[in-house]
Each structure stands twice: as C-alpha cells, then as structure tokens.
Amino acid sequence: MVELAGVAKHYGAVRAVRGIDLTIRRGESIALLGRNGAGKSTSIGILLGLLPPSEGRVRLFGGSPEAAVRSGRLGAMLQEGALITRVTVRELVAFVAGTYPRPLPVAETLELAGLTELAGRRADRLSGGQAQRLRFALAMAGGPELVVLDEPTAALDVEARREFWSAMRSYAARGNTVLFSTHYLEEADENADRIVVIDKGRKVADGTGEEIKRVVGGNVVAFDLGDRSSEGLELLPGVTSVEIRRGRAYLRSADSDATVLALAGRGDVRNLEVRVSRLEDAFVALTRAAREDREEAVV
Ligand SMILES: Nc1ncnc2c1ncn2[C@@H]1O[C@H](COP(=O)(O)OP(=O)(O)OP(=O)(O)O)[C@@H](O)[C@H]1O
C-alpha cells in the first residue's frame with residue numbers, strides 16, 4: 001500500500017530525513033514514533049506528496065502520492081488546518097465528501113467519528129477534542145483506504161484522546177490502513193499494530209510494541225544506592241547495563257532473580273524494585289543509541 005525507499009530530505013545543511021525505507025501493508029495500523037524534530041512530519045509530508053524528497057522514491061497503491069490523493073484512496077489530517085466557520089459539522093463533511101469520486105455516506109462518516117450527536121452544531125463551536133474528530137471525519141469523508149494522521153492528539157486532554165482513538169479504531173476495524181505520528185509512547189503501544197521509531201531522520205526500530213520492548217530486553221532492577229559505591233554492579237549475574245540517577249541504581253538484567261539474590265548478598269536492597277521493560281525504556285535506549293551514532297537497531 002505504501003512504499004518509501006531510501007527517502008531523504010535536506011533543507012540546506014539540515015538533514016531532516018536521512019534515508020528511510022518503509023513498507024506498509026493493507027489493514028495495518030502503524031505509529032511513527034519520535035521525539036520533537038525527529039523527522040516525522042517531514043516523512044509524512046513526503047509520503048503525501050506535499051514535499052519533494054531530496055532522494056529516494058515514494059509509491060502509494062503502486063502509483064504517485066498525487067494520484068492517490070485525487071482518487072480519494074488516501075485521506076490525511078495534518079497538524080495545521082483551520083476549519084471553515086459558519087457551517088455545521090454535517091454541511092462541512094458533506095461538502096468535502098462531494099469533492100471525491102467515491103465518498104463515504106455522510107451519516108456513516110459522522111458515526112465513525114463519533115459526531116452524530118453534533119451534526120447540527122456549527123463547526124466553529126466545537127471543543128478542541130470535537131474539532132479534532134471533525135478533522136478526522138474530513139480525512140475519512142472521501143472513503144479512503146489509507147489515512148495518514150500527523151500528531152492527531154497533540155493538545156488534547158485524556159478524555160478527548162480516548163474518544164479520538166476510539167473513532168480511529170472503528171475506522172481501522174473496517175480493514176482500513178492507518179499511519180499516525182505521535183510522541184506519546186502509550187498511544188503508539190495501544191493503537192498501533194506496528195511501531196516505527198524515528199530518531200534524527202533515521203528509522204531506529206520497526207516492529208510490534210512487544211518486539212521493540214524485547215530489543216532492550218530483560219527487567220530493570222532498581223534500588224537506593226545512597227552514598228555506597230556502584231563499583232562491581234555491572235559484574236553481577238544477569239546485569240547488562242548500569243545507570244545511576246540521583247543516588248538510585250538502575251540495573252538492566254537478563255536474569256532479575258539472580259541479580260536480586262546477588263544484591264541481597266551485598267546488602268544492596270534499600271527500596272528494591274523490579275519492573276518489566278516498558279516501551280519507554282526501549283524508546284530511550286533506541287534513541288540514545290541513535291544519538292551516539294551506533295549501528296542501526298532494526299527489529
Ligand atoms: N522547512 C524547513 N526548513 C528547514 N528545516 C526544517 C524545515 N522543516 C523541518 N525542518 C527541520 O527538520 C527536522 C525534522 O523536522 P520534522 O518537523 O519533520 O520533525 P517532527 O519529528 O515532525 O517533530 P515534531 O514532533 O516537533 O513535530 C527538524 O530539525 C526541523 O527543524
């Protein structure tokens with residue numbers, strides 16, 4: 001459905017995207033995860049045909065992004081984009097739907113976006129979360145098979161985000177394909193089948209949330225070090241890395257039982273805590289690896 005091959009984008013000396021390969025199959029929900037400035041919006045702009053790549057090739061449905069937009073097979077929701085005022089939600093959705101060759105029925109679009117109750121409301125009298133669902137409805141109005149969303153939930157509160165993702169999942173559940181960017185790790189984990197982590201314009205991981213967590217591997221064993229020395233911690237059984245922050249030691253361990261027993265032997269058990277790796281741990285480790293310009297860790 002989507003194929004980016006060796007895509008790069010340079011703005012003068014700024015290398016916003018440095019050679020990204022990405023294939024998306026029909027029915028997948030994919031999160032593009034990265035910190036501010038990682039290159040997510042630039043990659044999305046290239047994918048949508050809004051920005052010409054400096055290098056590489058983009059194919060959507062086997063053709064150009066422009067052809068995909070014209071056919072209505074591709075819908076998009078970008079970060080900026082004001083809503084037309086003085087019209088109702090239903091009128092706006094109907095107007096946009098009318099510009100496509102094979103639109104979704106308006107009532108169906110409103111239902112998918114959770115806007116049925118608000119159909120008669122003026123578009124400029126919606127809350128931030130409702131307005132964002134309307135933008136999503138406009139992206140779906142043409143009956144696209146693929147929807148691309150650039151940070152769709154930035155600036156929404158928890159409840160509005162939950163409602164937004166529920167609308168997105170109804171759309172995906174019909175066998176449609178979704179690509180969204182976010183810097184919320186939990187959102188990526190909860191709403192995507194596959195997560196592509198981008199850092200400094202490069203893809204540093206590509207896999208399910210579980211696979212990405214596994215890259216980092218093992219559990220974290222943490223305890224208060226106080227003024228005791230951290231010497232030798234890296235040599236304890238199972239330990240693969242040691243980090244000390246504000247008097248607390250964080251040991252990544254491939255065998256946390258063995259690590260805890262060894263720590264008990266040293267008397268290092270103050271406020272001991274063992275926790276499984278979270279996506280956040282993987283994300284920090286992956287982007288740190290990219291920052292240190294180590295080899296790409298592609299899952
Ligand atoms: N038009 C431009 N001219 C020069 N540099 C740009 C331009 N657009 C983006 N950049 C730079 O390219 C890099 C990637 O930006 P991009 O907007 O793609 O990141 P992002 O991952 O979407 O970030 P955010 O999460 O903050 O939206 C950044 O360093 C940014 O400053």
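The values are calculated or read from the model by the stated rules, or taken from the named source; none is laboratory data. Quick caveat, the model's predicted, so the values are computed rather than measured. Glycine gets a Cβ as well: all are built from the backbone with ideal geometry, and neighbour counts include every protein chain shown.
Here are the numbers:
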{"read-out": "Qualifying position, being surrounded by fewer than 22 Cβ atoms within 10 Å (Cβ to Cβ) and assigned by TED's automatic domain parsing to the domain that holds Gly201, among Thr109, Thr85", "value": "Thr85"}
{"read-out": "Failed item, numbered, when Gly218 is tested on (1) more than 16 Å from the ligand (Cβ to nearest atom); (2) on the phi > 0 side of the Ramachandran plot; (3) surrounded by 15 or more Cβ atoms within 10 Å (Cβ to Cβ); (4) modelled with pLDDT of 90 or more", "value": "(4)"}
{"read-out": "Meets criteria (more than 15 Å from the ligand (Cβ to nearest atom), within 23 Å of Glu187 (Cα to Cα) and not hydrophobic (A, V, I, L, M, F, W, C)) for Arg35", "value": "no"}
{"read-out": "Within region 78-151, helices (runs of 4 or more DSSP H) holding 1 or more residues that are in contact (Cβ under 8 Å) with a residue 60 or more places away in the chain", "value": "128-140"}
{"read-out": "Count of residues meeting criterion [within 16 Å of the ligand (Cβ to nearest atom), part of a loop (DSSP other than H, G, I, E, B) and touching a residue at least 24 places away in the same chain (Cβ under 8 Å)] in region 52-77", "value": "2"}
{"read-out": "Matching residues, region 193-205, being crowded, with 21+ Cβ neighbours inside 10 Å and either away from the ligand (no atom under 16 Å from the Cβ) or β-branched (Val, Ile, Thr) (or both)", "value": "Ile195, Val196, Val197, Ile198, Val204"}
{"read-out": "Residue list for region 1-19, filter: under 15 Å from Leu51 (Cα atoms) and in contact with a Leu (Cβ under 7 Å, 6 or more places away or on another chain)", "value": "Leu4, Lys9"}
{"read-out": "Residues that are surrounded by fewer than 18 Cβ atoms within 10 Å (Cβ to Cβ) and in contact with a Ser or Thr (Cβ under 9 Å, 6 or more places away or on another chain), drawn from region 52-82", "value": "Phe61, Gly63, Leu78, Gln79"}
{"read-out": "Test: residue in region 9-22 that is closer than 19 Å to Met140 by Cβ, in the same structural domain as Thr177 (by TED's automatic domain parsing) and within 16 Å of the ligand (Cβ to nearest atom)", "value": "no"}
{"read-out": "Filtered residues of region 23-39 (kept if closer than 19 Å to Leu286 by Cβ, in a strand (DSSP E or B) and in contact with a helix residue (DSSP H, G or I) (Cβ under 8 Å, 6 or more places away or on another chain))", "value": "Ala31, Leu32, Leu33"}
{"read-out": "Test: residue in region 6-23 that is surrounded by fewer than 22 Cβ atoms within 10 Å (Cβ to Cβ), charged (D, E, K, R) and free of Cβ contacts under 8 Å to residues at least 60 places away in the same chain", "value": "no"}
{"read-out": "Subset tally (residues that are in a strand (DSSP E or B) and of a type in the set (Val, Ile, Thr)) for region 211-243", "value": "5"}
{"read-out": "Of all residues making up region 38-51, the number that are more than 7 Å from the ligand (Cβ to nearest atom) and either more than 15 Å from Pro152 (Cβ to Cβ) or in contact with a Lys or Arg (Cβ under 8 Å, 6 or more places away or on another chain) (or both)", "value": "6"}
